[in-house]
Protein chains: 2
Amino acid sequence: MRDFSGDHTALSLNTATVRKQGPLNEILEACVRLDIRRICPWRDQVQAVGLDRIAAQVRDAGLELSGYCRGGFFPAADATGLKAALDDNRRAVDEAKTLGSPCLVLVVGALPGALNGKAAYTDIALARTQVFDGIAATLEYARQVGMPLAIEPLHPMQAAERACINTLEQALDICEALDPERGGALGVAVDVYHVWWDPKLAAQIARAGREYLLAYHVCDWLLGTRDLLNDRGMMGDGIIELRKLRGWLEAAGYAGAAEVEIFSEHWWSRPLDEVLTTCIERHRSVV
Amino acid sequence: MRDFSGDHTALSLNTATVRKQGPLNEILEACVRLDIRRICPWRDQVQAVGLDRIAAQVRDAGLELSGYCRGGFFPAADATGLKAALDDNRRAVDEAKTLGSPCLVLVVGALPGALNGKAAYTDIALARTQVFDGIAATLEYARQVGMPLAIEPLHPMQAAERACINTLEQALDICEALDPERGGALGVAVDVYHVWWDPKLAAQIARAGREYLLAYHVCDWLLGTRDLLNDRGMMGDGIIELRKLRGWLEAAGYAGAAEVEIFSEHWWSRPLDEVLTTCIERHRSVV
């Protein structure tokens, strides 16, 4: 297992962690200042500054992406909506390519409309079928362009609104159906927050193997979690066995970044440099 | 599939649904008044009035229990704590027997201390081992007394604090290990709130079969859920496919109660009779 205690070369910053502290160009400047060399930006943050400008900044600063967030949200109430989702995913693939990302992370979507408070339908099996079809269609294009897709299983508490793929096993079933040759075109993003509770986690990480393990996200699960979305913890402040989980991934062959992704009203309220230096410190001490 | 539209004989009231509206004896009086003939009381509610008094009230009113809540919380930081949990579970078995319950529902516990904000350890695999051992020990006593134990898998968002058994598959693995003969001594309580999201749910309900399906709890998952514990919805107000799920259980042979269990600050703030009449109405129209 890699030793993270001496440096933070393996640390990547998912830029949503500090999304309320400033525009993406300033976040990237802070990363350079603190010698964080890897990032995973979100589409809306890129768009707010401009794709070409961010691409140039990444290139000039010698930053590396560990992923690009996000494609997905495939289910829809009708054919027009399904088509619009596919078009949007093609654009996300293109943007990931422009930024030089190693993969596009997919938050696959769930009951259409649920995120806005009203589900167009409640048949989660149908949503799962639409997700499968949407990944298959997007994969066809992503293969042509050479952009791997990383399916991110989301915590079951997000199953209605954000992603109806809720276990690593379920995500890997799709990988094996659509990319049985394990050629690198399709895989998973393992976020500890979403999967730590799973009794089958160790076995499924081993099943995934190096070829399907495209990304690894860290944060922590806080006792007394107050919000289903924005109360994630800084690594070390909760109960997730971070070292043990990383050990499982590395035993399976994973050698990529440990990407910090924290959605938290608390951490969004702290100064940018404080959050980043805390991430670095915790990366060395507990990740 | 049974037709619930004409009456509410299959409705059971889990008395936690109206725990803030009054003491258990008054809740049971309201049930009799509204012709709700089945109940599932909680230990603390029984204790507050007195076990013998509630047992007599249940008997005199001709009420039937669909379960008794709850045993469990097996994991502990040390041998003294493990022993205390087993003692407490024996008492719960005895109380269930006194009340004539068909089963004792187990919320198995998770990281010891986590519910009070500080986990004695974070090794969830250890907690799961302690749970397995605790169920095995309690089962030995429960068999002698003739009280079936119903393991309730809890939603993964409760995995740190309340139950480290989080899928029906995981619960059934324990049933098959400890009661392979399916003799009725051990089984599961299926609560739609905890399991609706599971992509393997239909298959696992079929696997469970009549012998392991000891209890069925209903409520609903609200879009925009604001709290991990106390924001459950009234049946019909959320996105759970209640008819479909009951169909799966009945196809597997389940013919017992549909027990309403709603933890909700909203419904706790409404008058007792309003909550119960709403439960009856929704039982007929959407359960």
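Observations on the structure shown:
- Residue mean of other protein chain beta carbons inside 10 Å, B:112-119: 2
- Unit charges at the beta carbon, dipole of chain B: most positive-side option, B:L245, B:F263, B:A76: B:L245
- Pairs of Lys residues in the protein assembly as shown, spaced 8 or more positions apart or belonging to different chains, with C-alpha separations under 21 angstrom: 7 in total.
- Here region A:144-190 is treated as a sphere whose radius is the Kirkwood value from Cα pairs; by Stokes-Einstein at 37 °C and 0.692 mPa s it diffuses with a coefficient of 294 µm²/s.
- Rounded Å value of the spacing that divides the Cα centres of region A:119-148 and region A:4-24: 29 Å
- Just so you know, the Rg over Rh for region B:111-238 is 0.98, from Cα atoms, with Rh as the Kirkwood radius.
- Debye intensity ratio in log₁₀ form over the Cα atoms of region B:1-61, taken at each q of 0.14, 0.19, 0.30 Å⁻¹: -0.40, -0.68, -1.40
- Helical mean residue ellipticity (222 nm; -39500 (n - 2.57) per DSSP H run of 4+; nearest 500) of chain B: -13500 deg cm²/dmol
- Convex hull volume of region A:1-129 per residue (C-alpha atoms, cubic angstrom): 144 Å³
- For A:192-201, mean number of other protein chain Cβ atoms within 10 Å: 4
- Treating each Cα of chain A as one equal point scatterer and applying the Debye formula with no solvent, the log10 of I(q)/I(0) at q = 0.11, 0.14, 0.15, 0.16 Å⁻¹ comes out as -0.60, -1.01, -1.18, -1.36.
- Expressed to the nearest 5 percent, the antiparallel share of DSSP beta bridges inside the protein assembly as shown is 5 percent.
- Long-range HN-HN contacts of B:G71 with modeled amide H, under 5 Å: B:V105, B:L106, B:V107
- Relative pair counts by distance (%), Cα atoms of the protein assembly as shown, 10 Å bins: 3, 17, 26, 25, 16, 9, 3, 0, 0
- Looking at chain B, the DSSP beta bridges with both ends there are about 5 percent antiparallel.
- Residue-count net charge about A:G183 - beta-carbon cut-off 15 Å; Lys, Arg +1, Asp, Glu -1: -2
- All other residues whose Cβ lies under 15 angstrom from that of A:A171 are scored, Lys and Arg at +1 and Asp and Glu at -1, for a net of -2.
- Projected label distance in nm at B:D7 and B:A206, using a 7 Å step from Cα toward the beta-carbon: 3.3 nm
- Förster radius 60 Å - calculated FRET efficiency between B:D52 and A:Y121, Cβ distance, rounded to 0.05: 0.75
- Shielding of peptide B:154-162 by partners, expressed as the average count of other chain Cβ atoms within 10 Å per residue Cβ, is 5.
Bear in mind that the values in this text are calculations on the coordinates, not laboratory data. Computed from a predicted model, the values in this text were never measured in an experiment. Please note: Cβ atoms are built from the backbone with ideal geometry, for glycine as well, and neighbour counts cover all protein chains shown.
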